[in-house]
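The values are calculated or read from the model by the stated rules, or taken from the named source; none is laboratory data. Since the model is a prediction, treat every value here as computed from it, not as a measurement. Virtual Cβ from ideal backbone geometry, glycine too; neighbours counted across all protein chains shown.
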Amino acid sequence: MKTKSLRGRDYITLMDFSKEEIETLLDMAIRLKMDRASGRKHHLLEDKTIFLLFYNRSLRTRNSFESGIMQLGGHANYLDSEKIYTPALVGEEKAFATERVPDVARVLSRFGEAIAIRMFGDPTGWEYGNGNKYIREFARWADIPVINMEDDMFHPCQGIADILTMKEKWGSLKGRKIVISWAYSPSMKKPVSVPQTLMVGCSLFGATVVFARPKGFELDPKIIQRTKKNVEYYGGSFEEVDDIREAFHQADAVYPKSWPSLQYLLPVTEKPNFEGMSQLFEANRSWIVDDKLMALAKKDCLYMHCLPADRGFEVTDSVMDGPNSVIFDQAENRLHGQKAVMSMIMRG
Amino acid sequence: MKTKSLRGRDYITLMDFSKEEIETLLDMAIRLKMDRASGRKHHLLEDKTIFLLFYNRSLRTRNSFESGIMQLGGHANYLDSEKIYTPALVGEEKAFATERVPDVARVLSRFGEAIAIRMFGDPTGWEYGNGNKYIREFARWADIPVINMEDDMFHPCQGIADILTMKEKWGSLKGRKIVISWAYSPSMKKPVSVPQTLMVGCSLFGATVVFARPKGFELDPKIIQRTKKNVEYYGGSFEEVDDIREAFHQADAVYPKSWPSLQYLLPVTEKPNFEGMSQLFEANRSWIVDDKLMALAKKDCLYMHCLPADRGFEVTDSVMDGPNSVIFDQAENRLHGQKAVMSMIMRG
Amino acid sequence: MKTKSLRGRDYITLMDFSKEEIETLLDMAIRLKMDRASGRKHHLLEDKTIFLLFYNRSLRTRNSFESGIMQLGGHANYLDSEKIYTPALVGEEKAFATERVPDVARVLSRFGEAIAIRMFGDPTGWEYGNGNKYIREFARWADIPVINMEDDMFHPCQGIADILTMKEKWGSLKGRKIVISWAYSPSMKKPVSVPQTLMVGCSLFGATVVFARPKGFELDPKIIQRTKKNVEYYGGSFEEVDDIREAFHQADAVYPKSWPSLQYLLPVTEKPNFEGMSQLFEANRSWIVDDKLMALAKKDCLYMHCLPADRGFEVTDSVMDGPNSVIFDQAENRLHGQKAVMSMIMRG
């Protein structure tokens, strides 16, 4: 178990961490989960502050961080980006309403112990990678760890919770068929962060990773490449298919959710083209998860979703609320996973 | 004193609690008030989270909850409904902006120990009962207690504070003439929660409850019915009158405030009719509390209000700030009453 | 060292405090800074609440207060003025959206231990003194200390941090040439609170205070008068000049920042005249701090700014990020200075 190596690190993508380090975080999460369940006080970050900077709505992320740091003896400052001098990159400044990222990062570093940021979608201008660039700029200037609360590339806090959930259910991911699938929704304005994080994460643990999406919903080739390298090194396999039925066949876990087509967003296009994208969405309305589809998978197959889900579109109520669904366990594990991350990277 | 029976309960209306249980809450409130006054630490809810979900403005409720849980060793997550995925009932959902109440309730149940909600007026579409229905839907799905921070029917946190204030002043409510009265204001957009809660609460303790309102400002017959049953069982009396002067005569306490006419709101009407309602309001401009009116009551009659009050309309400054006014004691007792509720119902 | 005299006091302007009292606050700030650096727990305000009421954006002030009170064992309730019943002066009330200041102040006094307020600019109608008047009205009615988080006259929390920073660098301000200077910015909508606070503060400690501004950017004569009296009594000197180059010559510290011309605001004018003011601003575009200007000062001259700065206007990046800049030390000292203020005036 490597522990010292985590102190002071940023938590921006699982790709920055070794398999062993991620296993340490998972072990710590389980330990903290037991501590809470048994009422054992665990003030590992007494009087420490984490700044939670949000450019987007949040239910799970905000509340699990705010409760989590408090359970660790510290405190979260919840910051709406509109209520502070909004951090802005060079060239995007507005006098007395914004402040440059390097200045914000360096100021906050003087008051507290970590900065967590959520930024995707509209605030990024829908240029793929912009949100991540923005968080990396924070990390470059901050003297304290920076945590990614979801950007337009990654959602490592969801990732750790998802892996933790599967480990709890199965003991090990080894040999398990895990399906990461696109699903239809009338709402296109979401990031691709969850599936991209998940495929990298699962590929570390010997799983049979199947990535299913209609043509046009391919993901970042760099992430696919990394996933392939991981399975080569750690065992397991990776396959990309365009048939959701084939993918679900005998699956141990399915994780179907909607994401936009990167083909209609910057930098591929000159400006976001949601009208064009909507045709592609409508052409794939059949990618909806219902009981019939679930019947193709193993009987005890886990139905997973990061939430919020578009009920009636991405998935039927009967699946969401059915016996296979582990969505609330995933949500709970956000709390424990993030407490593990905070307690390991924020200087204690 | 029944205490065990309170653990894990929802606190949505005083009507859900027995007289003995309410007395237990009052006793606990006094104990906690003394603890604070004497500087005695009382961390009864260490590291516990209460979620405060607001659809409306709040000064007293939010600050008394947020300070109160902190004094108990826990923490409040203040949630503006627009900043989370707004909880929505089935059929009122908007993709990636709302999330179904059952999902929100079950997720928050994994992170913390209670959910408190305020919802009345515009967010309910002015259909009487909608706010309460919404909070009950939360309670149905949450594994943790749900607290009503004021809906369109009840305000039990105000109720406990009001009864506590009278008990402090008098020792007992028995035989006291308590006047719950309508008062004029240019602002019609308020809930009926306070008078409805108050009449139910006072009717448990042997008081002479007088309910005064102009024709057209009658309240929910189910609440009136319950109040009548209470006085039948516990002693005291209940009377409904349409003359404020008669009501104030020899009163021990008066609680005049403005509320809308339910006759002009859903489900009685098809849509809210505030123009029609305003004529009824203007016809009753004389229902203003001034020194002359107060002179009809007993010399040491308590002037009560939940605040905020429309000064110069509902009541003159001379009464609000005069020797009979106990409005700030009521406000303070919000803190102690709610701390009692939290410490008894949130699993310690 | 006078300590008892600080308990229960308001902290609205440095002008309300003796030199000895300010020295006590500085000493306490250093002590608390060392406590934090060495990881020594200092819960001097356990379970105490400070209410932070903001009418304007804030990064440093909010986060240093929220982290600071938490490090002291207490909690800050962050209040957006739009989310509570907005405190309003008599005559500016709006039914069920605002509440009179005396009522808000007296209610909050029942729940917590201090009220801190920020109000300048648009919410004051740009009538000089209005923000301060509003905070004084709060202080008049509150039973607990009121802290000025920046109004349209003063910013005493910045002041204590600035003096602390200079004391850290020099040991003493005695004989040091400190230049408080106007600087150009395309944004006119700022308060004059920082330079006015600084000149009063520095004049207590034997400094050579030089105040540089173009014609038209003079400050409040009452503040100038007080500054002159201070140097007469405590030693040092005060000079007002209209040449920035002359001012910078051999300076030990320069504090150049933009502020509006009071000649174009109420009560001098009948309404704010920003078009007229902008001509005065444009006529003084040369008041920008760059390396050439800094070269006139001493080699180790401190470059100071309260932040946020309009980079490229008030000051070049090379100066902001250069070896003379102490801007992040100033920001950090906000935390320690305010913790000193809170721990001394909030009843422990």
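In this structure, B:LEU52 qualifies as touching a helix residue (DSSP H, G or I) at 6+ places or on another chain (Cβ under 6 Å), within 27 Å of A:MET320 (Cα to Cα), of a type in the set (A, V, I, L, M) and not in a loop (DSSP other than H, G, I, E, B). For segment B:237-252, the criterion of being over 24 Å from B:VAL289 (Cα atoms) and buried (at least 19 other Cβ atoms within 10 Å of the Cβ) is met by no residue. Out of A:GLU92, A:GLU150, report the one residue that is more than 10 Å from chain C (Cβ to nearest Cβ) and free of Cβ contacts under 8 Å to residues at least 24 places away in the same chain. Just a single option satisfies the conditions, and that option is A:GLU92.
Can we say A:GLY171 is at pLDDT 95 or above, in contact with a strand residue (DSSP E or B) (Cβ under 7 Å, 6 or more places away or on another chain) and surrounded by fewer than 18 Cβ atoms within 10 Å (Cβ to Cβ)? Here the answer is no, as A:GLY171 does not meet what is asked. May I ask you to list the residues in segment C:274-310 that are among the polar types (S, T, N, Q) and free of Cβ contacts under 8 Å to residues at least 60 places away in the same chain? C:GLN279, the sole residue that qualifies. Across segment A:289-317, the number of residues qualifying as within 14 Å of chain B (Cβ to nearest Cβ) and in contact with an Asp or Glu (Cβ under 9 Å, 6 or more places away or on another chain) comes to 10. Going through (1) within 14 Å of another protein chain (Cβ to nearest Cβ); (2) within 30 Å of C:PRO221 (Cβ to Cβ); (3) crowded, with 24+ Cβ neighbours inside 10 Å one by one, C:TRP182 falls short only on (1). Scanning segment B:311-335 for residues that are touching a residue at least 12 places away in the same chain (Cβ under 8 Å) and outside any helix (DSSP H, G or I) yields a count of 8. Inclusion of B:PRO156 among residues that are out of contact with any strand residue (DSSP E or B) (no Cβ under 7 Å at 6 or more places or on another chain) and either assigned by TED's automatic domain parsing to the domain that holds B:VAL268 or buried (at least 20 other Cβ atoms within 10 Å of the Cβ) (or both) is not warranted. When segment A:253-266 is filtered for residues that are outside any strand (DSSP E or B) and crowded, with 19+ Cβ neighbours inside 10 Å, the ones remaining, listed by number, are A:SER258, A:TRP259, A:PRO260, A:SER261, A:LEU262, A:TYR264, A:LEU265. Considering (1) among the aliphatic types (A, V, I, L, M); (2) touching a strand residue (DSSP E or B) at 6+ places or on another chain (Cβ under 7 Å); (3) farther than 30 Å from C:VAL101 by Cβ, the lone condition that B:ALA95 does not fulfil carries the number (2).
Only one of the listed residues (C:PRO186, C:PRO191) is at pLDDT below 95, in contact with a Phe, Trp or Tyr (Cβ under 8 Å, 6 or more places away or on another chain), at negative phi and not in a helix (DSSP H, G or I). That residue is C:PRO186. Among the residues examined, A:MET149 qualifies as farther than 17 Å from A:ASP329 by Cβ, assigned by TED's automatic domain parsing to the domain that holds A:ASP10 and either of a type in the set (A, V, I, L, M) or at pLDDT 95 or above (or both). Assessment of segment B:23-30 against the conditions (under 29 Å from C:LEU53 (Cβ atoms), touching a His at 6+ places or on another chain (Cβ under 6 Å) and more than 8 Å from every other protein chain (Cβ to nearest Cβ)) yields at least one matching residue. Scanning segment A:190-209 for residues that are among the small types (Gly, Ala, Ser) and either surrounded by fewer than 24 Cβ atoms within 10 Å (Cβ to Cβ) or in contact (Cβ under 8 Å) with a residue 60 or more places away in the chain (or both) yields A:SER193, A:GLY201, A:GLY206. Taking first residues from segment B:34-63 that are at positive phi and within 14 Å of chain A (Cβ to nearest Cβ) and partners that are crowded, with 20+ Cβ neighbours inside 10 Å and in a helix (DSSP H, G or I), the Cβ contacts under 6 Å between residues at least 6 apart in sequence or on separate chains come to B:ASP47/A:GLN71. Within segment C:220-252, the set of residues being of a type in the set (Phe, Trp, Tyr) and not in a helix (DSSP H, G or I) comprises just one member, C:PHE238.
The lone criterion from (1) modelled with pLDDT of 95 or more; (2) surrounded by fewer than 24 Cβ atoms within 10 Å (Cβ to Cβ); (3) over 26 Å from C:LYS33 (Cα atoms) left unmet by C:THR98 is number (1). Are any of the residues in segment C:228-243 under 28 Å from C:ASN56 (Cβ atoms), in contact (Cβ under 8 Å) with a residue 12 or more places away in the chain and not assigned by TED's automatic domain parsing to the domain that holds C:ILE22? No: segment C:228-243 contains no residue that is under 28 Å from C:ASN56 (Cβ atoms), in contact (Cβ under 8 Å) with a residue 12 or more places away in the chain and not assigned by TED's automatic domain parsing to the domain that holds C:ILE22.
Filter segment C:64-76 down to the residues that are within 7 Å of another protein chain (Cβ to nearest Cβ) and part of a helix (DSSP H, G or I) and list them by number. If the condition is that a residue be within 7 Å of another protein chain (Cβ to nearest Cβ) and part of a helix (DSSP H, G or I), then C:SER64, C:GLU66, C:SER67, C:MET70, C:GLN71 are the ones that fit. Take the residues in segment B:310-338 that are surrounded by fewer than 24 Cβ atoms within 10 Å (Cβ to Cβ) and among the small types (Gly, Ala, Ser), then tell me which one is nearest to the chain's Cα centre (by Cα). The qualifying residue nearest to the chain's Cα centre (by Cα) is B:SER325. Quick one: would you say B:GLY276 is assigned to a loop (DSSP other than H, G, I, E, B) and at pLDDT 95 or above? So B:GLY276 does not fit the description; no. In this structure, A:PHE217 does satisfy being assigned to a loop (DSSP other than H, G, I, E, B) and of a type in the set (A, V, I, L, M, F, W, C). Being at pLDDT 95 or above, assigned to a helix (DSSP H, G or I), within 14 Å of another protein chain (Cβ to nearest Cβ) and closer than 19 Å to A:ASP252 by Cβ: is that true of A:GLN338 here? Criteria not met by A:GLN338.
Conditions tested, residue by residue: (1) within 16 Å of B:ILE147 (Cβ to Cβ); (2) surrounded by fewer than 24 Cβ atoms within 10 Å (Cβ to Cβ).
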residue: B:ASP10; (1), (2): yes, yes
residue: B:MET28; (1), (2): yes, yes
residue: B:ASP47; (1), (2): no, yes
residue: B:LEU52; (1), (2): yes, yes
residue: B:SER58; (1), (2): yes, yes
residue: B:SER67; (1), (2): yes, no
residue: B:ASN77; (1), (2): yes, no
residue: B:ALA88; (1), (2): no, yes
residue: B:GLY91; (1), (2): no, yes
